[in-house]
């Protein structure tokens, strides 16, 4: 019964989207292609909304392998019906919607499927986005990817050196770990490019690229600015443990992903672990973090990722 009702709801959603599109379509519109696209959108919306329920947030859902496969599948289906080849939509605008607007829509759980369909429908069929019962016109919903909000386009490569962009997330003191990574790279005669702005780390964009994301790497135009990207994620392994008397132990981990700026793929992974002790749980955490910072140079010295 549950599956049947889900199919009925999906059919209704597609019918609503088709009705809106037909109302705005001109005499030369390719209705069959539009029908196939909207059906593909409905399947994508079904899967991506289910992923949000599974992972608990849009950020985690979009970073998952399932979501990336769903997005690639949707792009392929669009190409199969000729949308990409015929220039019927802007690929840059489509990817911009995916990165900038999709997380916002997914975080609003009410009518998730319908909102996802409408979001992409407005990008693929801008005429439908502009049409309304009052006869007024509005600009399409889609917008170009806000590149300047995430990277500093004024940076320059250093000739004869490996140019690397670095970011750290999840750390209570990200600057200390970031500085340690910078020193380790400079010791290896590499150039650290201050490419990423603070928003890159704050709004979950760094987390998505950390998991590997070809579309996001293209939108950020990473290969225009650097030869490699290192994204690091910090976390403690559980709470501090009381081992004997007033002694506490805690383990800290820094996981570093080497991202190919051209493909967005995770090429190599380096995991740095250190334990710290102290008379209190807080002291053990601080000492673990300090020892982790001190270990970065040694662990990075022999790591080959390019």
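Couple of notes before you dig in:
- Against the numbered list (1) at pLDDT 85 or above; (2) loosely packed, with under 14 Cβ neighbours inside 10 Å; (3) not assigned by TED's automatic domain parsing to the domain that holds residue 226, residue 189 comes up short only at (3).
- When 244, 283 are checked against the criterion of being at pLDDT below 90, assigned by TED's automatic domain parsing to the domain that holds residue 208 and farther than 19 Å from residue 205 by Cα, a single residue qualifies: 244.
- Qualifying residue in region 264-279 (condition: surrounded by fewer than 20 Cβ atoms within 10 Å (Cβ to Cβ) and out of contact with any strand residue (DSSP E or B) (no Cβ under 9 Å at 6 or more places or on another chain)): no
- Within region 72-84, no residue that is outside the structural domain of residue 36 (by TED's automatic domain parsing) sits with its Cβ atom under 8 Å from a residue that is at pLDDT below 75 and surrounded by 15 or more Cβ atoms within 10 Å (Cβ to Cβ) at 6+ positions apart or across chains.
- Single residue of region 129-160 satisfying the filter (in a helix (DSSP H, G or I) and at pLDDT below 55) that is surrounded by the most Cβ atoms within 10 Å (Cβ to Cβ): 129
- Considered as a group, the residues in region 161-176 that are part of a loop (DSSP other than H, G, I, E, B) and under 21 Å from residue 260 (Cα atoms) include one that is modelled with the highest pLDDT, and that residue is 162.
- Residue satisfying all of: in region 254-263; in contact with a helix residue (DSSP H, G or I) (Cβ under 9 Å, 6 or more places away or on another chain) and assigned to a strand (DSSP E or B); surrounded by the fewest Cβ atoms within 10 Å (Cβ to Cβ) among these: 255
The values are calculated or read from the model by the stated rules, or taken from the named source; none is laboratory data. Just so it is clear, the model here is predicted, and its values are computed rather than measured. Note that we place each Cβ from the backbone using ideal geometry, even for glycine, and neighbour counts take in every protein chain shown.
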